[in-house]
Amino acid sequence: MFADRAQAGRMLAPEVVALNVRDPVVLALPRGGVPVAAEVARALRAPLDLLLVRKIGAPWHRELAVAAVAEGPEPEVVVDRETADMMGATEAYVQREAQDERREIARRRSAYLHGRAPLPVEGRTVVVVDDGIATGTTVRAALQALRRRKPARIVLAIPVAAPDTVAMLRGEVDDLVCLAQPREFHAVGVHYADFHQVADDEVTDILDDVETRAAATPAATPSPPPHERV
């Protein structure tokens, strides 16, 4: 049980630092991943940006993800085919919903980052952070879109996730850090005492604070050689 997302980030940060990431940029999955990622970015003395991805819910059960769309030069749509078929989500439905979610992604980048373009990641180590992962559909879409931007290394860092999801995502990244993989995984929020919905203003304030601190802080010195993390 984590007290809140900030505490989870402070616990996660040393595990990421120990990987000896070089020339890092931290990308948060908003909105819940932003408070966690901020603590990791501060520990790495790295810039913080967003990796915007939107879930596409089932026609009659919007909370159940049948696909996800992530921002990028060519926005990536990843479909959970088994779930989509089971819930009657046709290809036409997914593509129609994807158009709406692309517009929401553009709105969020404008709102959260005042229209700032995504930070360049080509040739850099990218640390992707969320507050937890259940099925992994949205995260997988984000990671596949991120690969197209040609980072040198991708690290996925999360406080808690379902074990089968961790196994599925391991092949999408170069390193994976997960603090807890409960056998009985029901929902991410169960593992937090405070799991309030992160508001747009909170996201903006955190991003501005990290950017201000980074501008006033010297770059970090690389840590000792890496050792494997699970």
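Just give me the residues in region 31-69 being modelled with pLDDT of 90 or more, of a type outside the set (A, V, I, L, M) and closer than 17 Å to I158 by Cβ, in sequence order.
R31, G32, G33, P35, E39
From the set of residues in region 4-18 that are open to solvent by less than 50 Å² (accessible area, probe 1.4 Å) and of a type in the set (A, V, I, L, M, F, W, C), which is farthest from L50 (Cα to Cα)?
A18
Find the strands (runs of 3 or more DSSP E) located wholly in region 97-181 whose residues include 1 or more that are small (G, A, S) and over 14 Å from V69 (Cβ atoms), and list them.
Per the criteria, 153-160, 175-180.
Can you list the strands (runs of 3 or more DSSP E) lying wholly within region 19-58 that have 2 or more residues being open to solvent by 10 Å² or more (accessible area, probe 1.4 Å)?
Because the criterion is at least 2 residues that are open to solvent by 10 Å² or more (accessible area, probe 1.4 Å), the strands (runs of 3 or more DSSP E) in region 19-58 that meet it are 53-58.
Residue-wise test of (1) more than 30 Å from F2 (Cα to Cα); (2) of a type in the set (F, W, Y); (3) touching a strand residue (DSSP E or B) at 6+ places or on another chain (Cβ under 9 Å).
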{"residue": "L27", "(1), (2), (3)": "no, no, yes"}
{"residue": "P30", "(1), (2), (3)": "no, no, yes"}
{"residue": "P35", "(1), (2), (3)": "no, no, yes"}
{"residue": "A38", "(1), (2), (3)": "no, no, yes"}
{"residue": "E63", "(1), (2), (3)": "no, no, yes"}
{"residue": "E76", "(1), (2), (3)": "yes, no, yes"}
{"residue": "D100", "(1), (2), (3)": "yes, no, yes"}
{"residue": "E122", "(1), (2), (3)": "yes, no, no"}
{"residue": "T135", "(1), (2), (3)": "no, no, yes"}
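Can you work out which of the residues in region 70-93 that are surrounded by 19 or more Cβ atoms within 10 Å (Cβ to Cβ) and modelled with pLDDT of 90 or more is farthest from L27 (Cα to Cα)?
Ranking the candidates gives A89 first.
For the subset of region 191-201 comprising residues that are in a helix (DSSP H, G or I) and at pLDDT below 95, which member is nearest to G33 (Cα to Cα)?
For region 191-201, the residue satisfying everything is D200.
The values are calculated or read from the model by the stated rules, or taken from the named source; none is laboratory data. Being a predicted model, the structure only gives us computed values, none of them experimental. Methodologically, a virtual Cβ is constructed for each residue, glycine included, from the backbone with ideal geometry; neighbour enumeration extends over all protein chains shown. SASA here: full protein model, heavy atoms, side chains in, ligands and nucleic acids out. Shrake-Rupley method; radii C 1.70, N 1.55, O 1.52, S 1.80 Å.
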